[in-house]
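Undergrad: To start, I am sharing the structure in question, which I have written as C-alpha cells.
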Amino acid sequence: MKRVSSETLYFYDSWVIPIIRDKYGLDDEQAMRKFISSETYKMLTDEEMKLFRESPLVIFDMYRCDVETGNPRNSSYIQRDAYAMC
C-alpha cells in the first residue's frame, strides 16, 4: 500500500480535527488520537483509494459515520458515488 504524503495528511488533519473536537466535545489531542486511529483515517492514508481528492467535509462525514455506525462507507457521499457507478 502506497501512503498519501504527510503534507496532504496534515491538510486534512488541520481541517477535520477541529470539527471532531467541536462536534464531540473533545480536546485537540483526544480528537487527533480518535481520528488517526479510525478506519476513515486508514482509508484516507491509502493512496489507491484516492480520498485525498475529496473535501475535508466529506472526510469528516465519513468519520462521523465511522463513529456512529461503525463503517465510514455508510457516508452518503460514498453511497452516492456507488450509485453513480451503476
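Undergrad: Give me a count of the residues in the stretch 34-55 that are out of contact with any strand residue (DSSP E or B) (no Cβ under 9 Å at 6 or more places or on another chain) and surrounded by 13 or more Cβ atoms within 10 Å (Cβ to Cβ).
TA: Here is the first cut: in the stretch 34-55, the ones out of contact with any strand residue (DSSP E or B) (no Cβ under 9 Å at 6 or more places or on another chain) are 34-44, 48-55.
Retained after the next criterion (residues that are surrounded by 13 or more Cβ atoms within 10 Å (Cβ to Cβ)): 34-36, 38-44, 49, 51-52, 54.
So the count comes out to 14.
Undergrad: Go through the chain and tell me which helices (runs of 4 or more DSSP H), entirely inside it, have 2 or more residues that are at negative phi, among the aliphatic types (A, V, I, L, M) and in contact (Cβ under 8 Å) with a residue 40 or more places away in the chain.
TA: Details: elements: 6-24, 28-36, 39-45, 56-69, 76-84.
Passing ranges, in order: 6-24, 56-69.
Undergrad: Right, something else. Against the definition (out of contact with any Cys (no Cβ under 6 Å at 6 or more places or on another chain) and either modelled with pLDDT of 95 or more or closer than 21 Å to F11 by Cα (or both)), how does Y83 come out, yes or no?
TA: Values: out of contact with any Cys (no Cβ under 6 Å at 6 or more places or on another chain): yes; either modelled with pLDDT of 95 or more or closer than 21 Å to F11 by Cα (or both): no.
When the stated conditions are applied, Y83 does not pass them.
Undergrad: Only one of these is modelled with pLDDT under 95 and either among the hydrophobic types (A, V, I, L, M, F, W, C) or touching a Lys or Arg at 6+ places or on another chain (Cβ under 9 Å) (or both): M32, M1. Name it.
TA: Numbers: M32 fails: modelled with pLDDT under 95.
That would be M1, the only listed residue that is modelled with pLDDT under 95 and either among the hydrophobic types (A, V, I, L, M, F, W, C) or touching a Lys or Arg at 6+ places or on another chain (Cβ under 9 Å) (or both).
The values are calculated or read from the model by the stated rules, or taken from the named source; none is laboratory data. A quick note: this is a predicted structure, and the numbers were derived from the prediction, not measured. Methodologically, a virtual Cβ is constructed for each residue, glycine included, from the backbone with ideal geometry; neighbour enumeration extends over all protein chains shown.
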